[in-house]
């Protein structure tokens, strides 16, 4: 089994790449691959509660993060630097997450076979 780490660094609806990344992650998890997600920089905004993509006519994909456990994706990480940058707290976010620092991010990247940055 391969271990995949998706690093999501873009704002939620800036492009369709975020949607494609989460769909790919879910597909990999369906085929029993180990998938982890890491939200850094503007990517942390994808986890904000109560987003409404209908206002900008975009597919509402951020709700999928609430169901990651159904696909056995349990490792969801958020950069503490990104949280601080936007003045966010864990309670502001939508998913069951683990907050990690920059040295932990480096370790996480080394622990995975494939790292995909979006």
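Please treat every number below as a calculation from the coordinates, not as lab data. This structure is a prediction, so every number in the text was calculated from the model and none was measured. Don't worry about glycine lacking a Cβ; one is built from the backbone with ideal geometry, like all the others, and counts go over all protein chains shown.
For the reader, a short list of remarks on this structure follows.
- Share of Cα-Cα pairs in the range 1-54 lying beyond 19 Å, as whole percent: 31
- Mean residue ellipticity, 222 nm, helices only, the chain: the sum of -39500 (n - 2.57) across DSSP H runs of n ≥ 4, divided by residue count and rounded to 500, is -7500 deg cm²/dmol.
- When you restrict to C-alpha pairs under 8 Å that are six or more residues apart and normalise by the size of the range 3-117, the relative contact order lands at 35 percent.
- Ranked by the mean number of other Cβ atoms within 10 Å of their residues, highest first, the peptides 21-28, 6-13 fall in the order 6-13, 21-28.
- From the coordinates shown, log10 I(q)/I(0) by the Debye sum over Cα atoms at q = 0.15, 0.19, 0.21 Å⁻¹ corresponds to which of (1) -0.74, -0.98, -1.10; (2) -0.61, -1.00, -1.24; (3) -0.66, -0.93, -1.07: (2)
- Span from the the range 75-91 Cα centroid across to the the range 96-118 one, whole angstrom: 14
- DSSP beta bridges fully contained in the range 3-117 are about 5 percent antiparallel.
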